[in-house]
Amino acid sequence: DLLFTLPKETISFEDEVQPILESRCVVCHGCYDAPCQLKLSSAEGIHRGSNKTKVYNASRLIAAEPTRLFIDALTTEEWREKGFDTVLNEGDSNKVRNLENSVMYRMLRQKRLYPQATTGMLTDNYDITLNRKQSCPTLDEFDDYAAKYPMGGMPYAMPNINRKEYTTLVHWLAQGALMP
């Protein structure tokens with residue numbers, strides 16, 4: 001139903017979207033070892049996308065190729081060559097496809113479909129241990145992920161984002177996730 005309320009004017013990344021990401025998402029997805037290496041603190045990090053490789057892996061015997069933002073690759077194409085998957089629609093662009101083909105939207109939507117309780121402690125459905133298995137579904141894997149981890153929407157193990165924040169993010173994604 002949010003597509004029916006899509007504004008004609010472009011949602012501003014800097015003025016409307018970035019403040020939501022900074023207040024709700026960057027707490028987990030803002031540092032070098034962010035889950036799935038998805039760094040939501042900059043437009044470049046969003047364009048880079050996600051990668052299943054853990055940055056810190058104590059069982060690794062040899063050094064891994066670094067994936068530092070602004071250093072080890074500069075373009076979206078270079079990040080795809082390094083094994084990063086898009087979290088936005090990178091195909092044919094229209095408001096429906098921009099949502100259907102966006103892992104970012106689908107993660108937000110999953111949380112909306114399966115909200116966590118607003119009071120009390122987290123249930124055992126949430127694994128928040130430091131060395132938990134990382135799940136970084138690609139678009140092709142998302143339906144299986146959603147079925148296996150219904151409570152795995154974003155923000156994971158954190159309070160749901162409010163309706164206004166959700167609407168802003170969905171509208172921005174539907175418009176094509178325009179960023180500077």
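Please go through region 69-151 and write out the trypsin sites (Lys or Arg not before Pro) that DSSP classes as loop and that have at most 10 other C-beta atoms within 10 Å.
ARG132, LYS133
About the Cα centre, and with charges only on the beta carbon of Lys, Arg (+1) and Asp, Glu (-1), how big is the dipole of region 43-116? Nearest 20 debye, please.
My answer is approximately 520 debye.
With a/c under 1.5 counting as rounded, go ahead and sort region 78-138 into rounded, prolate or oblate using the C-alpha gyration tensor (a ≥ b ≥ c being the square roots of the eigenvalues; past the cut-off, prolate if a/b is larger than b/c, else oblate).
Verdict is oblate for region 78-138.
Provide the per-residue ³J(HN,Hα) series for region 85-94, in order, calculated from phi with Karplus coefficients 6.51, -1.76, 1.60 and θ = phi - 60°, each as a whole number of Hz, with x at glycine and proline positions.
9, 5, 10, 10, 6, 10, x, 3, 9, 8
Identify unpaired cysteines across the chain, taking unpaired to mean no other cysteine Cβ lies under 4.7 Å from the residue's Cβ.
Singleton cysteines: CYS25, CYS28, CYS31.
Kindly give the semi-axes, whole Å and largest first, of the ellipsoid equivalent to region 25-180, taking each as the square root of 5 times a Cα gyration tensor eigenvalue.
Three semi-axes, in Å: 24, 22, 14.
Holding the Cα-Cα limit at 18 Å, pick out from LYS52/LYS111; LYS39/LYS164; LYS39/LYS95; LYS82/LYS148; LYS8/LYS111; LYS111/LYS148 the pairs that are longer than that.
Pairs exceeding the cut-off: LYS52/LYS111; LYS39/LYS164; LYS39/LYS95; LYS82/LYS148; LYS8/LYS111.
Under the Kirkwood approximation applied to all pairs of distinct alpha-carbon atoms, what is the hydrodynamic radius of region 34-101 in Å?
13.1
With every protein chain present, what is the per residue accessible area of the chain (1.4 Å probe, Å²)?
The answer is 60 Å² per residue.
Along the positive direction of the dipole of the chain (beta-carbon charges: Lys, Arg +1; Asp, Glu -1; about the Cα centre), which of SER42, ALA58, THR129 reaches farthest?
Comparing the listed Cα positions along the dipole, THR129 ranks first.
The values are calculated or read from the model by the stated rules, or taken from the named source; none is laboratory data. As the structure is a prediction and not an experimental result, all values here were calculated from the model. A quick note on method: Cβ atoms are made from the backbone with ideal geometry, for glycine too, and the neighbour counts reach across all protein chains shown. All accessible areas refer to the heavy atoms of the entire protein, side chains included, with ligands and DNA or RNA removed. Shrake-Rupley method; radii C 1.70, N 1.55, O 1.52, S 1.80 Å.
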